[in-house]
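My structure is below; once you've seen it, I'll send some questions.
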Amino acid sequence: MTEHPGRITREDVAHVARLARLRLTDDELDLYTGQLGVILDHAADVASLDLDGVAPTAHAMAVTNVLRSDTPRPGLDRDEVLAAAPEVEQHRFRVPRILGEAP
């Protein structure tokens, strides 16, 4: 698309904007061309790094599981929980009817 590999041009940005069906003003084209150029320059800097011997990672720091072990334990006492509920019906929580729900 561009005549100078590695540099995005105003025409490149206008072409991509057309493909995305975006209408950009001349000022926006100039602004986005500069911003995208900076982003692509940074991406080129990262791509040029020597990564031989660096193992691929998903995170910059080691991530460990912070969850507790899944061990069964007794639940809450049903009568005690229902005693604290605002309303109880037939030994269950009573909640407001949801709109459109049959009685």
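Of the conditions (1) touching a strand residue (DSSP E or B) at 6+ places or on another chain (Cβ under 9 Å); (2) part of a helix (DSSP H, G or I), V13 fails just one. Which one is it?
(1)
Still on this structure, please answer the following. Select, from R73, R18, R23, the only residue that is in a loop (DSSP other than H, G, I, E, B) and either in contact with a helix residue (DSSP H, G or I) (Cβ under 7 Å, 6 or more places away or on another chain) or modelled with pLDDT of 95 or more (or both). If you could, list the steps in order and put the result at the bottom.
Working: R73 fails: either in contact with a helix residue (DSSP H, G or I) (Cβ under 7 Å, 6 or more places away or on another chain) or modelled with pLDDT of 95 or more (or both); R18 fails: in a loop (DSSP other than H, G, I, E, B).
R23 is the lone residue from the list that is in a loop (DSSP other than H, G, I, E, B) and either in contact with a helix residue (DSSP H, G or I) (Cβ under 7 Å, 6 or more places away or on another chain) or modelled with pLDDT of 95 or more (or both).
Can you name the residue in the range 17-72 that is hydroxyl-bearing (S, T, Y) and loosely packed, with under 10 Cβ neighbours inside 10 Å and is also farthest from R7 (Cα to Cα) among such residues?
The first filter runs over the range 17-72 and keeps only residues hydroxyl-bearing (S, T, Y), leaving 25, 32-33, 48, 57, 64, 69, 71.
Keeping just the survivors that are loosely packed, with under 10 Cβ neighbours inside 10 Å gives 25, 48, 57, 64, 69, 71.
Values: T25: 21, S48: 15, T57: 29, T64: 41, S69: 53, T71: 58 Å.
Only one residue fits best here, namely T71.
OK, next. Check T64, T57, T33 and return the single one that is within 30 Å of D12 (Cα to Cα) and either in a helix (DSSP H, G or I) or without any contact (Cβ under 8 Å) to a residue 40 or more places away in the chain (or both).
Details: T64 fails: within 30 Å of D12 (Cα to Cα); T57 fails: within 30 Å of D12 (Cα to Cα).
The conditions single out T33.
Among (1) closer than 30 Å to T9 by Cα; (2) touching a helix residue (DSSP H, G or I) at 6+ places or on another chain (Cβ under 7 Å), where does V88 come up short?
Checking V88 against (1) closer than 30 Å to T9 by Cα; (2) touching a helix residue (DSSP H, G or I) at 6+ places or on another chain (Cβ under 7 Å), the one that fails is (1).
When the range 80-95 is examined, which residues are found to be in a helix (DSSP H, G or I) and surrounded by 10 or more Cβ atoms within 10 Å (Cβ to Cβ)? Even if it seems obvious, please write down each step before you answer.
Here is the first cut: in the range 80-95, the ones in a helix (DSSP H, G or I) are 80-83.
Selection gives V81, L82.
The values are calculated or read from the model by the stated rules, or taken from the named source; none is laboratory data. The shown structure was predicted, so the numbers you read here are calculated from the model rather than taken from an experiment. Glycine also receives a Cβ, built like all others from the backbone with ideal geometry; neighbour counts cover every protein chain displayed.
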